[in-house]
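Engineer: Got a structure for you, written out below as structure tokens; questions coming shortly.
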Amino acid sequence: MDLPTPQDLRERRNELGLTQSELAERADVSQPLIARIEGGDVDPRLSTLRRIVTALEEAEGGIIKARDLMNSPVVGVAPDDSVHQTKAVMDEKGYSQVPVIRDGAPQGLIGNSDIRQRPEENVGDLPVAEVMNESIATVEPDAPIDEVDAYLNHNAAVMVVEDGETIGVITEADIARTVS
């Protein structure tokens, strides 16, 4: 990660037409701190620098958020649905996985690999709750792409949740499509 110099920060702020006070407000820091950082009088903590850079990126319109990436409306299944019903939904929609949702809240994720890993002959008769993967990641709609991407390193999908309701789903394919 290349850290911006004080001059880089000043130039970006000026290019965006922001005053030190406006940048300070967007980054939730004080204006005197912005002045001291830009003047090279103080080395900010990494967390402070990150807030300033994020504020500049948002002002540029350059931060992609979860709401920009997500697939919505969500095609999901209930924990009580049968695996057979779920597989039919997945095949019909062309999905390799679907979220498991109860009363709008995400409960897990079920995918082709979860179904194939079950040794039972009658796996299709089982309820989704017995086959699904309960390990899921959730983010708010305003979560930046970096946060979503970090969750996708350890999860097959990320659920976008607002006020307890699942409003979107993001997979690696969505990140790849957006970045390319």
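The values are calculated or read from the model by the stated rules, or taken from the named source; none is laboratory data. Remember, it's a predicted structure, so these values are computed and weren't measured experimentally. Cβ: placed from backbone, ideal geometry, glycine included. Neighbour counts: every protein chain shown. Accessible surface is based on the protein model in full, side chains and every heavy atom, while ligands, DNA and RNA are left aside. Shrake-Rupley method; radii C 1.70, N 1.55, O 1.52, S 1.80 Å.
Engineer: Counting residues that are modelled with pLDDT of 90 or more and open to solvent by 20 Å² or more (accessible area, probe 1.4 Å), which strands (runs of 3 or more DSSP E) fully inside the stretch 68-180 reach at least 2?
Structural biologist: Filter on the stretch 68-180 gives 97-102, 105-111, 158-162, 165-170.
Engineer: Ok, one more. With respect to the numbered conditions (1) in contact with a Lys or Arg (Cβ under 9 Å, 6 or more places away or on another chain); (2) open to solvent by 70 Å² or more (accessible area, probe 1.4 Å); (3) at pLDDT below 90, which one is the sole condition not fulfilled by D28?
Structural biologist: If we test D28 against (1) in contact with a Lys or Arg (Cβ under 9 Å, 6 or more places away or on another chain); (2) open to solvent by 70 Å² or more (accessible area, probe 1.4 Å); (3) at pLDDT below 90, just (3) comes out false.
Engineer: Can you tell me which condition A59 does not meet? The list is (1) more than 21 Å from the chain's Cα centre (by Cα); (2) assigned to a helix (DSSP H, G or I), and all the others hold.
Structural biologist: A59 satisfies all of (1) more than 21 Å from the chain's Cα centre (by Cα); (2) assigned to a helix (DSSP H, G or I) except (1).
Engineer: Yes or no: L18 open to solvent by less than 60 Å² (accessible area, probe 1.4 Å), assigned to a loop (DSSP other than H, G, I, E, B) and under 26 Å from D146 (Cα atoms)?
Structural biologist: So L18 fits the description; yes.
Engineer: If you don't mind, another one. Among (1) open to solvent by 40 Å² or more (accessible area, probe 1.4 Å); (2) modelled with pLDDT under 95; (3) assigned to a loop (DSSP other than H, G, I, E, B), where does R51 come up short?
Structural biologist: (3)
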